[in-house]
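The values are calculated or read from the model by the stated rules, or taken from the named source; none is laboratory data. Bear in mind the structure is a predicted one, so any value in this text is a computation, not a measurement. Reconstructed Cβ throughout: ideal geometry from the backbone, glycine too, with neighbour counts over all protein chains shown.
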Amino acid sequence: MSNTSAVTPDGLRDGRPAREAMTGVNVDAPSGGRPAGSPAGPSRSPASGPRRRRRHQQPEFRSYYDLPVINKPVWESPDIPGYLFLGGMAGSSALIAACADVSGRPGLARVAKLGAAGGSQLSLVALIHDLGRSGRFLNMLRMFKVTSPMSVGSWLLAGFAPAATIAAGCDVLDVLGPLDAVATAGAAALGAPVATYTAALISNTAVPAWHDGHRWMPFIFASSALSAGAALGLLAAPSEETEPLVPLALVGGVAEVALEKVMEKRIGIVEESYHEGRAGRYMKLAEGLTLAGAAVAGVSRGRRSRKMLAGALLLAGSAVTRFGIFEAGIASSEDPKYTVVPQRERLRERAGDG
């Protein structure tokens, strides 16, 4: 049974409540923005005044006692942003290490293998520290659920970290042979999933800034991871072996910034969470660092000092991007309008299509 009743700040309007009764935004309110039944006041034409904006940019919304609609994530900084960044860097480094071995670049291979091993181990440390104790991570390995990004990610890390560590150990100890080859290949095979599964992990939540960007988040994480892995090689590997990393770092950095901008334009009102407060400061800093690093990499021309500077800038930009995305998610979960307004926009679109 349809129902046109609405709950307003002054009580129920237009009949008895039912399942279809709307709370929060009074979609049938007059043009002045006042709910029906509220005291009269100066009216303003909807087309007048410089403050007129599109509906999704300036919604009229109130929740009960202005409390959040969803629970705030229990993840904390810097553990989880560090976990997101280090896993991405480790995964792309493992791929670079395998390519460096095949192309005869031992110096770059060693740096990339150490980056993959160190990044995976530090990523595990950050995750376990956020969980509170190591037993909780081990409990996640008691089962495998393909529909759970957390379960899949736990098993990916459990296989990737030992393989990357063995490959790095063999290289440092100069124990080259079948064990080193198998470990390097195994880490490379798991590198791409390790670098990107965290995008699925955060997008598979009700947090608006993460969930609404689920179509673009894996590509942002992949390009950011590629930029970080190439940046680590530019920073620490011998200059004569790092020339192929310059275009990788350049493309990865530019793609990271471009895809993030595309995502912001496609997620509607939730875009605000990426531009305000701490998240806004992080994202502006990340954009500046990444574009500066890409520009320096583009004019490096074989000079080691420029390559090291480009690597440091791109590595910092990739890390700060993860912190910005994390903080945007926290901010969007605390403001109820980022949950309810997009839901009602989708309902209106479906009603129009019907």
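Does region 144-165 contain at least one residue that is surrounded by fewer than 16 Cβ atoms within 10 Å (Cβ to Cβ), touching a Ser or Thr at 6+ places or on another chain (Cβ under 8 Å) and either assigned by TED's automatic domain parsing to the domain that holds His211 or free of Cβ contacts under 8 Å to residues at least 40 places away in the same chain (or both)? Yes - at least one qualifying residue is present in region 144-165. Scanning region 126-138 for residues that are more than 16 Å from Glu76 (Cα to Cα) and surrounded by fewer than 12 Cβ atoms within 10 Å (Cβ to Cβ) yields one hit, Gly135.
Here Val257 does not fit the description of being surrounded by fewer than 20 Cβ atoms within 10 Å (Cβ to Cβ) and in a helix (DSSP H, G or I). Return yes or no: is Ala310 part of a helix (DSSP H, G or I), within 20 Å of Phe221 (Cα to Cα), hydrophobic (A, V, I, L, M, F, W, C) and more than 21 Å from the chain's Cα centre (by Cα)? Here the answer is yes, as Ala310 does meet what is asked. Scanning region 275-302 for residues that are free of Cβ contacts under 8 Å to residues at least 12 places away in the same chain and either touching a Gly at 6+ places or on another chain (Cβ under 6 Å) or part of a loop (DSSP other than H, G, I, E, B) (or both) gives His275, Val299, Arg301. Taking the condition under 27 Å from Ile325 (Cβ atoms), touching a residue at least 60 places away in the same chain (Cβ under 8 Å), of a type in the set (S, T, N, Q) and crowded, with 22+ Cβ neighbours inside 10 Å, does Thr184 pass? Considered against the rule, which asks whether it is under 27 Å from Ile325 (Cβ atoms), touching a residue at least 60 places away in the same chain (Cβ under 8 Å), of a type in the set (S, T, N, Q) and crowded, with 22+ Cβ neighbours inside 10 Å, Thr184 comes out as no. Somewhere in region 323-342, is a residue in contact (Cβ under 8 Å) with a residue 12 or more places away in the chain, within 17 Å of Gly82 (Cα to Cα) and of a type in the set (S, T, N, Q)? No, the conditions are met nowhere in region 323-342. Of all residues in region 144-187, those satisfying the criterion of being farther than 23 Å from Ile202 by Cα and outside any helix (DSSP H, G or I) are Leu173, Asp174, Val175, Leu176, Gly177.
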